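This report refers to the structure that appears directly beneath it.
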Amino acid sequence: MKTFNHNFLLRFALATIFLSHSLHGIFTGNDVNDFGNLFLNQIGFAPFGVYIAWAVVISQVITSVLLLLNKYTKIASIINIVVLITGIITVHFKEGWFVVGGGRNGMEFSFVLIVALLTLLLEGEKTTNR
């Protein structure tokens, strides 16, 4: 008898967050290019800012699908952890801890996502019948 894979809900939630974030950037105006040109290039990644921005967005689309399919979850988790840590270093750390309330644009949400991804990473791709 096959049992419910208990990490499905976590993978689904993470994939939904990463996919909605990346697709929003792709399909609303010039968000990805602006992030590359107006932010990444300005903080020292010129002339590669736009390429890096697109690499991040495309990696989030691909890793979201992998998380949903429960394939290569370790690799998908590591890629997203690297993206999130880079985001904390370049954007969120200087804004403080809180996303809203006690501050704005802080790192608390990225922290929760990293912990959730570490949970998947430590569990791996095993499926057990209990």
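A few comments on the model shown:
- With only the Cα atoms considered, region 39-100 has a convex hull volume of 100 Å³ per residue.
- Scaled radius of gyration (Cα, divided by 2.2 N^0.38 Å) that region 8-130 gives: 1.11
- 0 to 90° range, to nearest 10: angle between helix 8-27 axis and the chain longest Cα axis: 30
- Cα-based helix-to-principal-axis angle, 108-123 vs the chain, degrees rounded to 10: 40
- Sparsely packed trypsin sites (Lys or Arg not before Pro) within region 1-102, loop by DSSP, other Cβ within 10 Å at most 13: LYS2, LYS71
- In degrees, nearest ten, helix 73-87 long axis to first principal axis of the chain (Cα): 30
- Residue-averaged 222 nm ellipticity for the chain, from DSSP H runs of 4+ at -39500 (n - 2.57), nearest 500: -19000 deg cm²/dmol
- Using the Cβ-Cβ distance between VAL115 and ALA46 with R0 set to 30 Å, the FRET efficiency works out to roughly 0.35.
Read-outs throughout are calculated quantities, based only on the coordinates presented, and are distinct from any laboratory measurement. No experiment lies behind these values; they were computed from the predicted model shown. Please note: Cβ atoms are built from the backbone with ideal geometry, for glycine as well, and neighbour counts cover all protein chains shown.
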